[in-house]
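Below: one structure, written as structure tokens.
The values are calculated or read from the model by the stated rules, or taken from the named source; none is laboratory data. These numbers were taken from a predicted model, which means no experiment stands behind them. Every residue, glycine among them, receives a Cβ derived from its backbone with ideal geometry; neighbour counts consider all protein chains shown. Heads up: the accessible areas ignore ligands, DNA and RNA and are worked out on the full protein's heavy atoms, side chains in. Shrake-Rupley method; radii C 1.70, N 1.55, O 1.52, S 1.80 Å.
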Amino acid sequence: MSVIALKVDIHTRVGLTDGAVALAGLFREQGAGATFYLSLGPDRAGKVPLAEWFAHGGVKPRAHLPFLTRQNGRLWPGPDMGRALRKCLHALQGDGFELGLKAWDQAAWRRQSTDADAEWTRKALERAIAGFTRLTGAAPQTLAAPGWHGNWSAVRQSQGLGIHFASDARGREPFIPVQRAEIVAVPQLPTTLPTLDEVLAESHGDQTQAIERILNLTSTPRRHGHVFSLNAEADGRKLLQMVGLLLAGWKRQGWQCVSLGDLAATLDLSRLPHSELVWETWPGRRGKLARQGDNVFIA
């Protein structure tokens, strides 16, 4: 059966306590698997430009983040993501959902990682991994860069940190990342489909048209399926009904929704393409995002 791996990005406390919990309930009802990627440390959502949270062009990003959340890190210190949220995380684990790691202080990662040196990157990754391990009781096996922002040093360092696979990029299929002839053994499972906020922006807020566009893209089977990224703050709250309609549409098309770990387990790494990993501007998004580039021949 063809699979669509569901990747849920959690950036804020409200994204976890409201959005992720609601998505987990929907996934349980639909028999869907998923990977929930956690941001740890302070919730400083107010330090992230709104245009960076959601695709611009037709959807108002302010509608997806509560007013108080937008002030975290601006009018008052950002509340800690971990201390009061263990019950939510343990509930996700108890329901069998896979947990992955995004970053410690994702607002700082978004602002600084693109131009950061190896030392800054190492400290940020090590702090995030230590926090994840304390919070969940196990070290993370998968990483996903916040907003697809990052740098090559982070990709390189992931292979020495016990990471089995990553989802840092946009792309077309799973691949082994390469840059300037350097190969990193941690496979990338890139986001292959547009996000809900992106298709809503293109369809000027028409939800029916947006869902039809995504279902058209999944109307034919693919060897490695797809990776679909969800934003807990929007897709788990105001757009939850759209997610339910998408899941139902995929079931009619014959897809099975799984975690990224389930998708990774089906891959023969020796047969994956080696692709350049590049950072470029992306339509409707702010800053430079990681993208799967051209395939390269490895002798």
* To do: Give me a count of the residues in region 159-171 that are surrounded by fewer than 24 Cβ atoms within 10 Å (Cβ to Cβ) and small (Gly, Ala, Ser).
  => 3
* Asked: Restricted to region 81-99, and to residues that are under 19 Å from the mean Cα position of the chain (by Cα) and in a helix (DSSP H, G or I), which residue is farthest from Gly15 (Cα to Cα)?
  -> Gln93
* From the list Leu239, Leu260, which residue is in contact with a Ser or Thr (Cβ under 7 Å, 6 or more places away or on another chain), buried (at least 16 other Cβ atoms within 10 Å of the Cβ) and among the hydrophobic types (A, V, I, L, M, F, W, C)? -> Leu260
* Quick one: which residue in Ile211, Ile183, Ile129 is touching a helix residue (DSSP H, G or I) at 6+ places or on another chain (Cβ under 9 Å), open to solvent by 10 Å² or more (accessible area, probe 1.4 Å) and not polar (S, T, N, Q)? => Ile211
* Asked: Ala138 passes all but one of (1) at pLDDT 95 or above; (2) surrounded by fewer than 16 Cβ atoms within 10 Å (Cβ to Cβ); (3) of a type in the set (Gly, Ala, Ser); which number fails?
  -> (1)
* Structure fact -> Note on region 193-206: residues open to solvent by less than 30 Å² (accessible area, probe 1.4 Å) and either over 28 Å from Leu245 (Cα atoms) or assigned to a loop (DSSP other than H, G, I, E, B) (or both) are Leu193, Pro194, Thr195, Ser203
* List the number of the failed condition for Met1; all other conditions in (1) of a type in the set (A, V, I, L, M, F, W, C); (2) farther than 26 Å from Pro283 by Cα; (3) modelled with pLDDT of 85 or more hold. => (3)
* Taking only pairs six or more apart or across chains, which ones have beta-carbon atoms under 8 Å, a first residue in region 272-299 that is at positive phi, and a second residue that is small (Gly, Ala, Ser) and assigned to a loop (DSSP other than H, G, I, E, B)? -> Gly284/Ala55; Gly284/Gly57
